[in-house]
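Inspection log for the structure reproduced underneath, given as structure tokens.
The values are calculated or read from the model by the stated rules, or taken from the named source; none is laboratory data. Everything numeric here is computed off the predicted structure, so don't read it as measured data. With ideal geometry, Cβ positions are generated from the backbone for all residues, glycine too; neighbour counts draw on all protein chains shown.
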């Protein structure tokens, strides 16, 4: 296969990774019944914090480069987790509306990122570099696409399988799904509902923080204002829905979105040719293409359209297809739970 | 295992839900816990099963005082409760529900658990497919699963809250057989909370009756063998009713009146649904007539009622209301012409949580732009008076008890509707409140309204309906002669057995 094409696919995987990690984090948070709507702001604040921490360590000559990066990542994860805990605390303890709190925190965190990031704008800092996995990188096609990446990308593969295994293969996963579906039933079976909700909100938030660091330390190194990842938090939230709260489908959604973005930016640089004929139209509109397609797929996956399409299938197939396309949100999503 | 409750007290604000309850339950016995709505029977069972702590009092298991909080601790002490709406997770499969709540190991060990599940269900003649999602199951199957799950956890006292609501006669037989075996052969304590007296007489060895939070009586039931004649049943029933209400209630009779012109006509009406294979429905409801729809929840009767009120899509057929085709009408248009739909979900669809009684009145008062609050206040006060609602104008609807909410809902109906389509009009109400609701409804019938209603209470259907349609998996059958139909026969019909 064309080497250049494979490299493009590889770079799509790379640029999609922050989205992958963020939507996986939000998936487990929402599986526990909590909506953390602060993603867009959290990503920005985590990105600037991660960059600032790594850069400061570098400037002060502290630690070696990998440890500087690790410090940055840790700082970003703490910020992401703290914001998520705020959402958790205000909904679980203070009984406020999750959506309202998350939304306000989005705006707050985004503005805070701009303000705090003013001193770090457009300066070079430490970066996470590529590290191909020996042996695996030599596998034809797959090696080039998946195994000539950086550690964060490899971690995202691991994360996807780990979350899937936890959700569907362990008792802990049953408890996680149960507190998001029917907390009363989980409580009756001895699950500490509130504590688990805090924990998974915290964990999901830490992953969102990691995603933020993935932008400023790798995908779009450094910090700029407006931030490079602006809007991606919302996209990650949409991907969670697109993924039907399933880790594999969420990852697929993130890759799909990144691919669409790559296509549209490619057309903008090189022009669009159909049968050797250059097509001319306002290319700026192409920026909206991924969003537009996201909306359309969301409509298909989560709307009544699937049901209508399914009606034309034979009855036996219908049943299985519906199970595969299942996209019902966790039933207790966004609700409060109080033990009697 | 023997259980003793001593001096149990529980208060909710001003209400003394359990007032000094003292009672013993011995192993091998099936005990019915009886009482009208708000008598405190559910509260007592929740205390025993750990869902609520008692304010005062002690629980003794085999003569030792045991102190526990929370349902898991109760199960660890051998006491488990099957809720009316079984506490399972809809998105899980049968197997996952069975596994979840057990203790051992990190991974699921599905094969082992599946074998255990199969083993237990075979023992009681339950049919459970381990890989079905709970959402696809009938209530009866979800109960069976919950019972098996509790037994697997080593429960020796099994509490069941209204288990016979929404299940067919055959399913009830299977359930009762299993309960008899558990108590009489295996020595478990079985506690049955119910307000269906037939079930209690049929199943229980003894009953405990609560009224207004106080225990007012205990009684042994006649031995349920073949010698249980209808005379004995009737006499026992009368005794129980007297204990429950402190007075003798006369059996309510349908007043006789003229049946008038057709109000609603459906011809070969096919209602749209993705899951059920809905068969065409042909039905005429005449003025003054009460039509009951029987069927297990989700058999198509709810869809049909919603289609008649134009709240559900119709695939084909004809539908006319008051002489005009209403296929293209909206519910709003039908409502203006006198067709009223009352939803079963009181707080979800029928009333609006957060709004006060006055605000509810304002919603149904005339369509003027500005609300005349003074007159609305007056209307509300007169409604409260007329419908004997325990509440004030400024109370929000969720502050009222279920029975009073239902009274508000009925009170908000227009005085002279042409057609009332009512989902489970007396769901969750005690005998007394239910009768009162029906008095109000029948008054409207007498003035010329037709009523179409559904109910999971077969006695209610047989008592009030002029005609009954049975729904089963999307099919519908009219019961040939309602006056000659017994509750038992109807119970078999809703389970799909139309031959006898």
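Being touching a residue at least 40 places away in the same chain (Cβ under 8 Å), surrounded by 17 or more Cβ atoms within 10 Å (Cβ to Cβ) and in contact with a strand residue (DSSP E or B) (Cβ under 8 Å, 6 or more places away or on another chain) is the requirement here; does residue B:143 meet it? Answer is yes for this residue. The residue that is farthest from the other protein chains (Cβ to nearest Cβ), among those in segment B:12-29 that are without any contact (Cβ under 8 Å) to a residue 24 or more places away in the chain and in a loop (DSSP other than H, G, I, E, B), is B:14. Considering only residues in segment B:95-132 that are modelled with pLDDT of 85 or more and touching a strand residue (DSSP E or B) at 6+ places or on another chain (Cβ under 8 Å), the one that is farthest from residue A:180 (Cα to Cα) turns out to be B:113.
Applying the criterion of being under 26 Å from residue B:85 (Cα atoms) and buried (at least 21 other Cβ atoms within 10 Å of the Cβ) to the residues of segment B:439-456, the residue that is nearest to the chain's Cα centre (by Cα) is B:455. All but one of (1) under 20 Å from the mean Cα position of the chain (by Cα); (2) closer than 23 Å to residue B:14 by Cα; (3) buried (at least 21 other Cβ atoms within 10 Å of the Cβ) hold for residue B:397; which doesn't? Unmet for residue B:397, out of (1) under 20 Å from the mean Cα position of the chain (by Cα); (2) closer than 23 Å to residue B:14 by Cα; (3) buried (at least 21 other Cβ atoms within 10 Å of the Cβ): (1). Taking (1) under 25 Å from residue B:372 (Cβ atoms); (2) under 28 Å from the mean Cα position of the chain (by Cα); (3) assigned by TED's automatic domain parsing to the domain that holds residue B:422 in turn, residue B:331 satisfies each apart from (1). Here residue B:91 fits the description: in contact with a helix residue (DSSP H, G or I) (Cβ under 6 Å, 6 or more places away or on another chain), at pLDDT below 90 and either within 14 Å of chain A (Cβ to nearest Cβ) or in a helix (DSSP H, G or I) (or both). Condition (residue is over 20 Å from residue B:151 (Cα atoms), within 14 Å of chain A (Cβ to nearest Cβ), out of contact with any strand residue (DSSP E or B) (no Cβ under 6 Å at 6 or more places or on another chain) and surrounded by fewer than 23 Cβ atoms within 10 Å (Cβ to Cβ)) applied to segment B:51-59: is it met by at least one residue? So far as segment B:51-59 goes, yes, one or more of its residues are over 20 Å from residue B:151 (Cα atoms), within 14 Å of chain A (Cβ to nearest Cβ), out of contact with any strand residue (DSSP E or B) (no Cβ under 6 Å at 6 or more places or on another chain) and surrounded by fewer than 23 Cβ atoms within 10 Å (Cβ to Cβ). Filter segment B:184-206 for residues that are in contact with a helix residue (DSSP H, G or I) (Cβ under 6 Å, 6 or more places away or on another chain) and not in a helix (DSSP H, G or I); which is modelled with the lowest pLDDT? Out of the qualifying residues, it is B:194. Looking only at segment A:153-182, filter to residues that are more than 21 Å from residue A:85 (Cα to Cα) and buried (at least 23 other Cβ atoms within 10 Å of the Cβ); which one of those is farthest from the other protein chains (Cβ to nearest Cβ)? This residue is A:153. Within segment B:1-35, the residues that satisfy the criterion of being surrounded by fewer than 21 Cβ atoms within 10 Å (Cβ to Cβ) and at pLDDT below 90 are B:1, B:11, B:12, B:13, B:14, B:15, B:16.
Just one of the listed residues (B:80, B:50, B:32) is closer than 23 Å to residue B:220 by Cα, within 28 Å of the chain's Cα centre (by Cα) and either part of a strand (DSSP E or B) or touching a residue at least 12 places away in the same chain (Cβ under 8 Å) (or both), namely B:32. Here segment B:265-281 is the region considered, the condition is being within 14 Å of chain A (Cβ to nearest Cβ) and exposed (fewer than 14 other Cβ atoms within 10 Å of the Cβ), and the residue that is nearest to the chain's Cα centre (by Cα) is B:275. If you go through segment B:311-330 and keep only what is part of a loop (DSSP other than H, G, I, E, B) and under 24 Å from residue B:468 (Cβ atoms), you end up with B:311, B:312, B:322, B:326. For residue B:98, the requirement of being within 17 Å of residue B:144 (Cα to Cα), within 11 Å of another protein chain (Cβ to nearest Cβ) and either under 26 Å from the mean Cα position of the chain (by Cα) or crowded, with 17+ Cβ neighbours inside 10 Å (or both) is met. So which of A:227, A:221 is touching a residue at least 24 places away in the same chain (Cβ under 8 Å) and either surrounded by fewer than 17 Cβ atoms within 10 Å (Cβ to Cβ) or within 14 Å of another protein chain (Cβ to nearest Cβ) (or both)? Checking each option against the conditions leaves just A:221.
Quick check: is even one residue across segment B:102-110 within 13 Å of chain A (Cβ to nearest Cβ), closer than 25 Å to residue B:190 by Cβ and without any contact (Cβ under 8 Å) to a residue 24 or more places away in the chain? Scanning segment B:102-110 turns up at least one residue that is within 13 Å of chain A (Cβ to nearest Cβ), closer than 25 Å to residue B:190 by Cβ and without any contact (Cβ under 8 Å) to a residue 24 or more places away in the chain.
Among the listed residues B:123, B:181, identify the single one that is in a helix (DSSP H, G or I), free of Cβ contacts under 8 Å to residues at least 12 places away in the same chain and assigned by TED's automatic domain parsing to the domain that holds residue B:27. The match here is B:123.
Within the span defined as segment B:151-160, one or more residues are outside the structural domain of residue B:457 (by TED's automatic domain parsing) and closer than 29 Å to residue B:275 by Cβ. Looking across segment B:335-364, the residues that are surrounded by 14 or more Cβ atoms within 10 Å (Cβ to Cβ) and in a loop (DSSP other than H, G, I, E, B) come down to B:337, B:338, B:343, B:344, B:351, B:352, B:355. Checking every residue in segment B:63-81 against the condition of being closer than 23 Å to residue B:48 by Cα, touching a strand residue (DSSP E or B) at 6+ places or on another chain (Cβ under 7 Å) and loosely packed, with under 14 Cβ neighbours inside 10 Å gives at least one match.
Looking across A:133, A:92, A:128, A:73, one residue alone is crowded, with 17+ Cβ neighbours inside 10 Å and not in a helix (DSSP H, G or I). It is A:128. Cβ separations smaller than 6 Å between residues 6+ apart or across chains give the following pairs from segment A:189-217 residues that are within 14 Å of another protein chain (Cβ to nearest Cβ) to residues that are assigned to a loop (DSSP other than H, G, I, E, B): A:189/B:101; A:193/A:337. Taken together, the residues in segment A:306-336 that are at pLDDT 65 or above and away from chain B (no Cβ under 13 Å) amount to 6.
Checking B:62, B:85, B:67 one by one, the residue that is within 14 Å of chain A (Cβ to nearest Cβ) and over 25 Å from residue A:172 (Cβ atoms) is B:85 and no other. When residue A:35 is tested against (1) closer than 25 Å to residue A:331 by Cα; (2) part of a helix (DSSP H, G or I), just one condition goes unmet, and that condition is (2). Applying the set (1) within 14 Å of another protein chain (Cβ to nearest Cβ); (2) in contact (Cβ under 8 Å) with a residue 24 or more places away in the chain; (3) assigned to a helix (DSSP H, G or I) to residue A:185 leaves exactly one unmet item: (2).
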